[in-house]
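The values are calculated or read from the model by the stated rules, or taken from the named source; none is laboratory data. What you are looking at is a predicted structure, and each value in this text was computed from that prediction instead of being measured. Cβ coordinates were reconstructed from backbone atoms using ideal geometry, including for glycine residues, and neighbour counts include every protein chain displayed. With ligands, DNA and RNA removed, areas are computed over all heavy atoms of the protein, side chains included. Shrake-Rupley method; radii C 1.70, N 1.55, O 1.52, S 1.80 Å.
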Amino acid sequence: MEAKIIILGGGPSGLSTALHLTKIAPHLTHRILILEKEHYPRFKLCAGGLVIDAEIILERLGLDVREVPHVDAQIAHFDFAGKGLKVRAPKRPAIRVIRRDEFDHWLAKKAEDRGIEIRQGVTVKKVNPDEDGVSVETDQGEFRAEIVVGADGSNGITRRCIFPNEPVYTARVLEVITQDYSVIARNEAIPNTNEEIASGWVSKRARRSLALLDQHPRNDVAVFDFFPVPNNIAGYTWDFPTQIGGQPMRCWGIYDTNLLAGYKRPALKEPLAEEMKRHGFDLADYEIKGNPIRWYSPQNKASVPRVLLVGDAVGADPLFGEGISIALGYGATAAQEIAEAFQRNEFSFRRYKRRLVRSGLGQTLVARWLITHIIYPLKWKWFQILFWRMLKPIVLLGAWGFVLNWSKRNFPL
Ligand SMILES: Cc1cc2nc3c(=O)[nH]c(=O)nc-3n(C[C@H](O)[C@H](O)[C@H](O)COP(=O)(O)OP(=O)(O)OC[C@H]3O[C@@H](n4cnc5c(N)ncnc54)[C@H](O)[C@@H]3O)c2cc1C
């Protein structure tokens, strides 16, 4: 099949590229083909935390993410060992938490509603650009395109085909889904034996955890805790509210940029187990899943003639491993580059990386890369305490100026 634009991967970056193209170059809509190896709704390991920029980008596309099942975390805590900063977003929750199977399926349907063709269950095996176009080998035959967008994630084949020898910066990440605090507390309160039932028994521990729940309702709070940094884990543990099938749940995890990989480090699950234990959960009771995240470095390459990369294929945020809003942002910048390339009938994509770096997205990525190289290597406990607990106004100003709100600055559309 011959399409003008083949997008490899139907995650947020690929779908955002297609949706932005339909907005700025509607005449190209019917020449876009997305190839996705899975079938929606497909599982994607991700905590699903959406920051304000993701919502702003979707709103500009006329999309309301509240249509997707979600849980709102009104406050985000950035802590060191349980104490630190509280962040709220004006007029919105600090973080809206979705499940990726539902979110990506919803976004794919929106793209299809706008006339974009998505072929599901097609795995791309090889990408070969030449002077006149690009051949895409898949498990279902060969496709030919004028240009290709590699939106196939951290381990994507596109990047491996066009930059086989480039260095890769990846973070290690583990994730665990558990019941909600209230379920744990209530389960503990259930009497087990006939005597306990007859006497209306409620265990001391259960009473304690129910009382704790009243005092500290973490249900609408997302927590990032940087206590593992002095132990050479250049990252944090997280604890987000979430839902599965409408049931309240928690999503826990640990993120490590690997920046302190040269030092002695504990196994990644040890600090995660420690944090969960502090809140009454035993990691051993749950299934742990892991996946690398490829993160952005100014050295990362983003295009060759006729092929450009978006999303994790270029690099997610190194500071937190936040990649959904970033992926949506890449889509907007790539769409503008593609629309102009078709106007000029010139597909070198030589200026794509410069365009990325000058955009609000590129500026936040560079800023986050710099901050990552300051706050993690300065790993001493005293510095981490100073940073997360005492420098509140400076950290909040920095966060608002460089980390969040980037979609309002120098956005391509
Ligand atoms: C444990 C974990 C937790 C995370 N938590 C958060 C969070 O809370 N908030 C946040 O913003 N980010 C989070 N991230 C990062 C976020 O998941 C990614 O940055 C984001 O998914 C990147 O989007 P993408 O479209 O570039 O890639 P992906 O979402 O990975 O999409 C790539 C798509 O390409 C398809 N594909 C891959 N290979 C092929 C092939 N050969 N042929 C055809 N199709 C292919 C895949 O099936 C997939 O649909 C987390 C990541 C991990 C691992």
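Are any residues in the stretch 91-129 within 9 Å of the ligand (Cβ to nearest atom), basic (Lys, Arg) and in contact with a strand residue (DSSP E or B) (Cβ under 7 Å, 6 or more places away or on another chain), and if so, which ones?
125
Quick one: would you say residue 59 is in contact (Cβ under 8 Å) with a residue 12 or more places away in the chain, more than 12 Å from the ligand (Cβ to nearest atom) and farther than 28 Å from residue 144 by Cα?
no
Just checking, how many residues over the stretch 20-41 are surrounded by fewer than 24 Cβ atoms within 10 Å (Cβ to Cβ) and out of contact with any Asp or Glu (no Cβ under 6 Å at 6 or more places or on another chain)?
14
Is it the case that the stretch 296-304 has a residue that's closer than 27 Å to residue 69 by Cα, at pLDDT 95 or above and part of a strand (DSSP E or B)?
Looking through the stretch 296-304, none of the residues is closer than 27 Å to residue 69 by Cα, at pLDDT 95 or above and part of a strand (DSSP E or B).
Helices (runs of 4 or more DSSP H) wholly in the stretch 305-413 with at least 2 residues that are farther than 29 Å from residue 262 by Cβ, of a type in the set (Val, Ile, Thr) and open to solvent by less than 30 Å² (accessible area, probe 1.4 Å) - which ones?
324-344
Which pairs turn up if I take residues in the stretch 167-181 that are under 17 Å from residue 273 (Cβ atoms) and look for partners that are polar (S, T, N, Q) and surrounded by fewer than 21 Cβ atoms within 10 Å (Cβ to Cβ) with beta carbon separation below 7 Å, at least 6 apart in sequence or on another chain?
172/258; 173/291
Pairs needed: first member in the stretch 300-317, over 14 Å from residue 361 (Cβ atoms); second member anywhere, open to solvent by 10 Å² or more (accessible area, probe 1.4 Å) and assigned to a strand (DSSP E or B); C-beta distance under 7 Å; at least 6 residues apart or different chains.
304/129; 305/129; 306/129; 307/129
Among the candidates 107, 45, which residue alone is part of a loop (DSSP other than H, G, I, E, B) and touching a helix residue (DSSP H, G or I) at 6+ places or on another chain (Cβ under 9 Å)?
Checking each option against the conditions leaves just 45.
Taking the criterion of being within 16 Å of the ligand (Cβ to nearest atom) and of a type in the set (Gly, Ala, Ser), would at least one residue in the stretch 333-346 satisfy it?
Yes, there is a match, as at least one residue in the stretch 333-346 is within 16 Å of the ligand (Cβ to nearest atom) and of a type in the set (Gly, Ala, Ser).
Quick one: would you say residue 76 is hydrophobic (A, V, I, L, M, F, W, C) and either assigned to a helix (DSSP H, G or I) or more than 30 Å from residue 392 (Cβ to Cβ) (or both)?
It is false that residue 76 is hydrophobic (A, V, I, L, M, F, W, C) and either assigned to a helix (DSSP H, G or I) or more than 30 Å from residue 392 (Cβ to Cβ) (or both).
Quick one: in the stretch 153-176, which of the residues that are hydroxyl-bearing (Ser, Thr, Tyr) and touching a Pro at 6+ places or on another chain (Cβ under 8 Å) is nearest to the ligand (Cβ to nearest atom)?
Here the answer is 154.
Scanning the stretch 130-152 for residues that are more than 14 Å from the ligand (Cβ to nearest atom) and more than 30 Å from the chain's Cα centre (by Cα), which turns out most open to solvent (accessible area, probe 1.4 Å)?
That would be 131.
Of the residues 139, 132, 53, which is charged (D, E, K, R) and out of contact with any strand residue (DSSP E or B) (no Cβ under 9 Å at 6 or more places or on another chain)?
Among 139, 132, 53, only 53 is charged (D, E, K, R) and out of contact with any strand residue (DSSP E or B) (no Cβ under 9 Å at 6 or more places or on another chain).
Table: residues versus (1) in contact with a helix residue (DSSP H, G or I) (Cβ under 6 Å, 6 or more places away or on another chain); (2) within 16 Å of the ligand (Cβ to nearest atom); (3) open to solvent by 30 Å² or more (accessible area, probe 1.4 Å).
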| position | (1), (2), (3) |
| --- | --- |
| 256 | no, yes, no |
| 265 | no, no, yes |
| 271 | no, yes, no |
| 275 | no, yes, no |
| 283 | yes, yes, no |
| 295 | no, yes, no |
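In this structure, is residue 45 modelled with pLDDT of 95 or more and within 14 Å of the ligand (Cβ to nearest atom)?
yes
Could you check how many residues of the stretch 48-62 are farther than 14 Å from residue 106 by Cα, open to solvent by less than 10 Å² (accessible area, probe 1.4 Å), of a type in the set (A, V, I, L, M) and in a helix (DSSP H, G or I)?
2
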